[in-house]
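Right, one structure below, let's go through it.
The values are calculated or read from the model by the stated rules, or taken from the named source; none is laboratory data. Computed from a predicted model, the values in this text were never measured in an experiment. Cβ coordinates were reconstructed from backbone atoms using ideal geometry, including for glycine residues, and neighbour counts include every protein chain displayed.
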Amino acid sequence: MIVNVKLIKKEEVANETMAFHFEKPEGFTFKAGQFGDFTLLNPSETDEEGNIRGFSLAHAPYENDLMIATRMRDTAYKRVLKDLPIGTELKLDAPYGDFVLHKTETTPAVFLTGGIGITPVRSIIAQASHDTLPHKIILFYSNKTPQDTAFLTDLEIFAKENPNFTFVPVMTRDETCSGEKGHITKEMLTKYISDVTTPIYYLSGPASMVATMRQILTEAGANEDNIKTEEFSGY
């Protein structure tokens with residue numbers, strides 16, 4: 001579906017990370033975890049990377065608007081996006097992707113993500129909580145500090161409201177916070193997962209992190225057929 005969407009709100013959601021909210025077009029539907037291509041219309045500047053970027057839809061389908069979030073790099077696209085006046089329209093081509101929650105309710109889901117890789121995961125967990133799905137869900141979410149952690153408050157609220165959801169924040173440079181410290185390891189995973197061969201695993205974030213997490217999982221005994229990935233490039 002190709003539609004124009006109007007910017008209605010923008011906000012900082014973590015260090016150097018912004019969220020952009022758009023009106024949801026009438027009749028537009030998607031599954032939690034999917035993404036779309038957003039095209040700037042007549043931008044004030046451009047570069048060799050072009051005027052189109054793919055972003056996960058970070059709000060769940062039940063929520064009122066469409067939200068994307070991104071780390072703010074110094075590129076033409078992101079400079080223009082950051083400075084867009086409220087009411088500006090972008091072209092959206094969506095939805096795409098199969099990084100969505102599996103249907104078998106008795107099979108646990110384990111999400112391993114870092115940084116802005118949280119965007120599709122936030123959507124999936126929000127929708128699962130809203131629908132009171134019986135899936136057991138664990139999220140390991142790695143960041144440097146709480147200030148770098150997008151949607152931290154949202155995830156804490158979902159964990160309080162959804163008895164089937166366990167949130168494990170992992171901070172690599174903050175020794176004072178609750179949750180886990182350092183990097184995600186096999187030992188950390190087995191602390192929360194009783195049988196690593198059982199869950200479906202969802203890995204999202206930079207390609208290097210996804211590759212590392214896949215290696216840790218396979219070494220721990222996870223079935224590679226049970227690993228789904230969504231790699232984020234072009235931070």
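Just a few scattered comments:
- Segment 156-186, subset polar (S, T, N, Q) and exposed (fewer than 14 other Cβ atoms within 10 Å of the Cβ), residue nearest to L217 (Cα to Cα): T185
- Qualifying residue in segment 202-213 (condition: in contact with a His (Cβ under 9 Å, 6 or more places away or on another chain) and part of a loop (DSSP other than H, G, I, E, B)): no
A quick yes/no check of all residues on (1) at pLDDT 95 or above; (2) in contact with a Phe, Trp or Tyr (Cβ under 6 Å, 6 or more places away or on another chain); (3) over 15 Å from T113 (Cα atoms):
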| residue | (1), (2), (3) |
| --- | --- |
| A150 | yes, no, no |
| A159 | yes, yes, yes |
| T166 | yes, no, no |
| T176 | no, no, yes |
| H183 | no, no, no |
| K191 | yes, no, yes |
| T197 | yes, no, yes |
| Y202 | yes, yes, no |
| M213 | yes, no, no |
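- Only one of T17, T88 that is among the β-branched types (V, I, T), touching a residue at least 24 places away in the same chain (Cβ under 8 Å) and closer than 23 Å to F232 by Cα: T17
- Filter result (surrounded by 12 or more Cβ atoms within 10 Å (Cβ to Cβ), assigned to a loop (DSSP other than H, G, I, E, B) and of a type in the set (S, T, Y)) within segment 190-201: T198
- Leading residue by the ranking (surrounded by the fewest Cβ atoms within 10 Å (Cβ to Cβ)) among those in segment 1-19 that are of a type outside the set (D, E, K, R) and assigned to a loop (DSSP other than H, G, I, E, B): M1
- Any hit, segment 210-222, residues being outside the structural domain of E63 (by TED's automatic domain parsing) and touching a Lys or Arg at 6+ places or on another chain (Cβ under 6 Å): yes
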